[in-house]
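Remarks on the structure that follows.
Read the figures in this text as sums done on the coordinates, not as results from a lab. These numbers were taken from a predicted model, which means no experiment stands behind them. Virtual Cβ from ideal backbone geometry, glycine too; neighbours counted across all protein chains shown.
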Amino acid sequence: MSIRDSNVVIIEVDRTVVRAGLGLHDLLKIPSVEIPARVGLRRNVLGENGDAHLNGVDEPLASTSRATSVFLQTSIPKAGVKDYLVGAQLDEALANGQDIIVSWPFVDGVVSDWTQAEAIWKYILFNQLQRRRVQNESPVLFSITTGNSRDTYERICKIFFERFNVAGLAILERPMAQIYAANTLSGVVVDIGDEVTDVTPIYEGFIHDPARGKVFLGMRHCQIYVANLLRSNPTVMNALSPPGNPVDPETLQATLVDLVKQLWKDDTIKIPSTGETAVPDDNEGVMDIAAVVVAGKEKAVIESNQKKKNQGKQTEAEKKREREIEAMDLITVQFRGHSLTIGKERHRFCEPLFDPTLLNGLPGFATPDETPLLPIQDAVGQVVTQLDVDKRQYVWQGLFVTGDITRHVKGIGVALQSRVAPFIANPELQSDIQPRYAHVLSVPEYYAEYRETGNSYAAFLGSSIAAKIIFSDSNGKNYVSKADYTWKGPHSIIEMAPSLL
């Protein structure tokens, strides 16, 4: 069967977000669909005894306290696919104040409720991508978190062929897709999510499952930490909780967290390091225009030149004041009708990732009852140390930090690189297989659509690259076709998934 690139669908399922796109182009595109990986159910749909049908409400995520989590799971046996609200439908219902039960079926890294999962996938295929179930000519490259069972793969296969009538299906583990996007086959993928950071070692195109690890730290913990730091900022506190009319603690905490979300999404946070790349400009002021265009730095150059012109018109007093402000690194942000001055405390955003003890006792964070949280550098070091000695040097050559956080906060990879050094250096082992350092990877700049997205879309990019290869095989050796499914059923996906063989 001949498959047209324009019909190929990419679906990437993360713990808290689902991304999708239609068509493979010469210039690979970023996802056209991006929605929270959640569903909603109106409580009145369940009838008068609705509460009696709720099982596993607020079920805790393993090894962490879900008392303060915003990603709750709810299994509702009597609800059908059509009962659930997804995407814009759910957003509108919540905005209108409707009584909605919200559930996140992928937050554990596995599918906790298949009806809810099907509702999300159906919404993406038929509502957002406008596919038709009858005569569906679209094959799907489906990217999923690693570590799922064979039963999960078979059930996904069954849903996509029998419920969605797709033309073909291939399933790819997200860490593999991410490492493909970095143009390598070996490395360690550090995927920083909202509440969980997954660490996956990959050698020569295969995930080393026994060594995989995760730590229950993510962007939400960074937000909680900076929200606490902002409590020491009088400008912020006087505006958001005036002494004469203070707000209640829970409302204040939620407001501060929302402010922090705005700060990092507005690209005002960075990790000070020596690894930042300057705008191409030589000492004599002669600029390599071609290099600037290829690197996509035109806007930065224009802004830099404009700043130089403005500085030439300033008085000495104005220049002195500007230098003082620059030294203090102050910014002014507009937040809910207030003009707030924020200082360097915002740049401490990622500190909890490297030292989770900073979170102890903070509002909005509950210390786990089990083993203390590992810093992500320790988690990475322990994961790579579990590999055979002769493989470690190749894995350390691909330190790849991904996640939405990398789109707005630059330099996390470089900051992690310096912190994993103790796990690499071994004075007692001096040989050709001894790694010398960790090499930080990033999505290459020749993917023009992805230049401004950091490594946040690495899984989608890698899935697109894999789809171009997989679905170009007319013999269907790397994906399940309709004929394969008719002949072998759901089990056919197992033969097409190298991680399960």
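Assorted remarks:
- Computed FRET value (nearest 0.05) for ARG4 with ILE494, which takes r as the C-beta separation and R₀ as 25 Å: 0.40
- Residue by residue, the stretch 182-199 carries 3J(HN,Hα) couplings of 8, 6, 8, 10, 10, x, 10, 8, 10, 9, 8, x, 6, 10, 9, 10, 8, 10 Hz when phi is fed to the Karplus relation 6.51 cos²θ - 1.76 cosθ + 1.60 (θ = phi - 60°); x denotes Gly or Pro.
- Mean-position separation - Cα centroids, the stretch 445-469 and the stretch 477-495, in angstrom: 27 Å
- Centre-to-centre separation between the Cα atoms of the stretch 85-119 and those of the stretch 187-251: 22 Å.
- A Cβ-based charge dipole, computed about the Cα centre of the stretch 67-218 with Lys and Arg at +1 and Asp and Glu at -1, lands at about 500 debye.
- Over 25 Å apart at the Cα level, from the set LYS29/LYS214; LYS319/LYS344; LYS122/LYS261; LYS261/LYS320, are LYS29/LYS214; LYS122/LYS261; LYS261/LYS320.
- Selection among THR197, VAL236, TYR225 by position relative to the dipole of the stretch 181-263 gives VAL236 as farthest towards the positive end (Cβ unit charges, Cα centre).
- With the largest listed first and rounded to whole Å, the semi-axes of the equivalent ellipsoid of the stretch 356-420 from the Cα gyration tensor are 26, 18, 9.
- Note on LYS265/GLU92: beta-carbon distance plugged into 1/(1 + (r/R0)^6) with R0 of 30 Å gives a FRET efficiency of 0.85.
- Using equal-weight Cα scatterers in the Debye expression, the normalised intensity of the stretch 192-276 in log10 at q = 0.16 Å⁻¹ is -0.77.
- With the Kirkwood sum run over all distinct C-alpha pairs, the stretch 120-223 has a hydrodynamic radius of 15.6 Å.
- Estimated D of the stretch 64-191 in µm² per second, where Rh is the Kirkwood radius over Cα pairs and Stokes-Einstein applies at 10 °C, 1.306 mPa s: 95 µm²/s
- Here the calculated FRET efficiency for THR357 and ASP99, from their Cβ-Cβ distance with R0 = 35 Å, stands at 0.35, rounded to the nearest 0.05.
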